[in-house]
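Dropping the structure in here first, questions after.
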Amino acid sequence: METAGLDSFFRMIFYIIIFYYAFKFLAKLLLPLLVKKVVQKAEQNFKQQYQNQNTSQKDEVIIDTTKTKSAKSNKNVGEYIDYEEIK
C-alpha cells in the first residue's frame, strides 16, 4: 500500500491549478457563443408566438354594457372604539 507523499500532494495541487485555468480559458471562449445561441433561440420562440397570436386573433371588439351593482357597505361591521392619546 502506497502512502501519499509530499510529491503526490504537489502534483494534485498542480493538476487543480491547470484544470482551473483551462476551465477559465474555455469559459471565456465558449460562454459568449452559448449565450448568443440561447438568446437567438428565445428570440425565435417569441417571434413565433407573436405570429401565432396575430394570425389567430380576429378583429372583434366586445363591449360589455351591463352595469355592475356597486358594493353596499355593511353597517354591522363591528363596534367603533375611539382611542385617546395619552401623554
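The values are calculated or read from the model by the stated rules, or taken from the named source; none is laboratory data. What you are looking at is a predicted structure, and each value in this text was computed from that prediction instead of being measured.
May I ask you to list the residues in the stretch 44-63 that are at pLDDT 75 or above and among the charged types (D, E, K, R)?
Within the stretch 44-63, LYS47 is the sole residue that qualifies.
Scan the stretch 3-46 residue by residue and report those that are under 20 Å from the mean Cα position of the chain (by Cα) and of a type outside the set (A, V, I, L, M, F, W, C).
PRO32, LYS36, LYS37, GLN40, LYS41, GLU43, GLN44, ASN45
Tell me which residues, restricted to the stretch 1-43, are modelled with pLDDT under 95 and of a type in the set (S, T, N, Q).
Listed by number, the residues that qualify are THR3, SER8.
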